[in-house]
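Undergrad: Sharing a structure below in structure tokens format, with a few things to ask.
The values are calculated or read from the model by the stated rules, or taken from the named source; none is laboratory data. None of these values were measured; they are calculated from a predicted model. Don't worry about glycine lacking a Cβ; one is built from the backbone with ideal geometry, like all the others, and counts go over all protein chains shown. Calculation scope for accessible area: heavy atoms of the full protein, side chains included, ligands and nucleic acids excluded. Shrake-Rupley method; radii C 1.70, N 1.55, O 1.52, S 1.80 Å.
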Amino acid sequence: MSVSSAVSPLEWPPEGWILADFDDTLAPDDSHAGLLRYILRRRIWPLLLLPVIGLGGLIYLLPSRWLPHQRRWGISLIWWAITLGLSPLGWRKLVRAYCRTRPGLYKEARTLLMAEGERCWVISASPRALVRAQLHRQLPGNLPRRILGSRMHYRWGGLVPHFYCHGQHKILPEILALKPSLALSDSLHDLPLLALGEQAWLINPTPARLQAAREKVPQIEPKSWSL
């Protein structure tokens with residue numbers, strides 16, 4: 001498989017909106033799961049709620065045909081158990097501290113955002129506050145045009161997603177109105193997002209993932225990005 005290893009200004013479309021996932025697309029690793037693990041290590045006592053966390057993980061992994069909203073329900077249980085009793089100030093401090101541990105953006109993603117940030121929309125399943133904090137740390141004063149992500153709120157004493165911005169749920173009315181020239185992600189869950197772009201990039205795919213993606217979105221091009 002031939003995979004390009006870098007991005008030059010001539011590779012992306014010269015005009016039109018650009019839609020980008022965040023985790024494992026613009027930056028390595030899943031910062032959403034990483035933040036949950038970080039909070040759990042710092043607080044420790046929510047390990048007493050490990051059965052609830054495990055139940056949330058089980059529900060999250062169930063086939064969607066059984067429970068259409070199972071991912072949001074599952075991730076809500078996990079978030080609630082890990083953040084129970086956490087104050088808004090404590091939440092913000094933990095997000096900032098976690099961002100200091102993150103490795104940064106892929107160099108190709110940094111080039112893209114520095115050059116074309118004004119027409120980039122970043123759309124992530126991670127909490128919006130987390131994505132914004134990471135981008136602000138990496139690109140101070142050069143944030144993308146819009147940052148969309150899961151919206152968190154307090155319920156029953158813990159943080160849970162009020163809106164879980166995952167998969168098909170990323171296709172918001174304002175996104176449908178854009179007619180993007182480029183969409184990029186690493187995930188097959190984002191095929192609805194990738195299908196919106198005149199061009200579509202799949203970041204760091206395995207051969208099996210690339211083949212599966214092209215069966216649904218034929219215009220997908222693989223890109224190999226690195227730190």
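Undergrad: I need the calculated FRET efficiency for the pair Arg146 and Arg100, taking r as the beta carbon distance and R₀ as 22 Å, to the nearest 0.05. Walk me through the numbers before you get to the answer.
TA: Numbers: r = 25 Å, r/R0 = 1.12.
Between Arg146 and Arg100 the formula returns 0.35.
Undergrad: Oh, and also: Please give every one of the lysines within straight-line cross-link reach of Lys107, meaning a C-alpha to C-alpha distance under 23 Å, and leave out same-chain neighbours fewer than 8 residues apart.
TA: Excluding near neighbours in sequence, the set is Lys223.
Undergrad: Could you tell me how far the Cα centroid of region 65-120 sits from the Cα centroid of region 169-208, in Å?
TA: 19
Undergrad: I would also like to ask the following. Which three semi-axes in whole Å describe the equivalent ellipsoid of region 81-227, each the square root of 5 times a Cα gyration tensor eigenvalue, listed largest first? Display every interim value, and only then the final one.
TA: Details: eigenvalues 156, 68, 45 Å².
Value: 28, 18, 15 Å, ordered largest first.
Undergrad: Express the carbon and sulfur contribution to the solvent-accessible surface of region 103-204 as a percent, rounded to the nearest whole number, probe 1.4 angstrom. Working shown, then result.
TA: Values: 2290 of 4280 Å².
Taking all protein chains in place, region 103-204 shows 53 percent carbon and sulfur surface.
Undergrad: Tell me the per residue accessible area of region 51-117 using a 1.4 Å probe; a whole number in Å² is fine.
TA: Numbers: 3510 Å² over 67 residues.
Here the per-residue accessible area is 52 Å².
Undergrad: For region 159-214, with every protein chain kept in place, what is the accessible area per residue (1.4 Å probe, Å²)? Can you show the working numbers first?
TA: Working: 2300 Å² over 56 residues.
The answer is 41 Å² per residue.
Undergrad: Can you tell me the order of 176-184, 36-44 when each peptide is scored by its average per-residue count of other Cβ atoms within 10 angstrom, highest first?
TA: Values: 176-184: 18.8, 36-44: 15.2.
Peptide ranking by packing, descending: 176-184, 36-44.
Undergrad: Also, I was wondering about something else. Would you work out the relative contact order for region 6-158, in percent, from Cα pairs under 8 angstrom that are 6 or more residues apart? It would help to have the intermediate numbers written out before the result.
TA: Numbers: 186 pairs, mean separation 45.9, N = 153.
Worked out over region 6-158, it gives 30 percent.
Undergrad: Just to verify a number: FRET efficiency for His162 and Arg209, C-beta to C-beta distance, R0 = 22 Å, to 0.05? Kindly include the intermediate steps, with their values, before the conclusion.
TA: On the way: r = 31 Å, r/R0 = 1.39.
So, using R0 = 22 Å, E works out to roughly 0.10.
Undergrad: How much of the DSSP beta bridge set in the chain is antiparallel, as a percent to the nearest 5? Could the numbers behind the result be given before it?
TA: Values: 5 of 25 bridges.
Antiparallel bridges: around 20 percent, rounded to the nearest 5.
Undergrad: Please report the antiparallel percentage of DSSP beta bridges with both residues in region 143-201, rounded to the nearest 5.
TA: Values: 5 of 8 bridges.
About 60 percent, rounded to the nearest 5.
Undergrad: Which value, in Å² and to the nearest 10, is the accessible area of His32 when all protein chains are kept and the probe is 1.4 Å?
TA: Roughly 20 Å² of His32 is accessible to a 1.4 Å probe.
Undergrad: Taking θ = phi - 60°, what integer Hz values does the Karplus form 6.51 cos²θ - 1.76 cosθ + 1.60 yield along region 177-194, in sequence order, with x for Gly and Pro?
TA: For region 177-194, the Karplus-derived couplings read 7, 7, 6, x, 8, 8, 10, 9, 6, 9, 10, 5, 5, 9, 4, x, 5, 4 Hz, x marking Gly and Pro.
Undergrad: Would you mind counting up the charge near Gly167? Only other residues with Cβ under 11 Å from its Cβ, with Lys and Arg at +1 and Asp and Glu at -1.
TA: On the way: positive: Arg71, Arg72, Lys170; negative: Asp21, Asp190.
That works out to +1.
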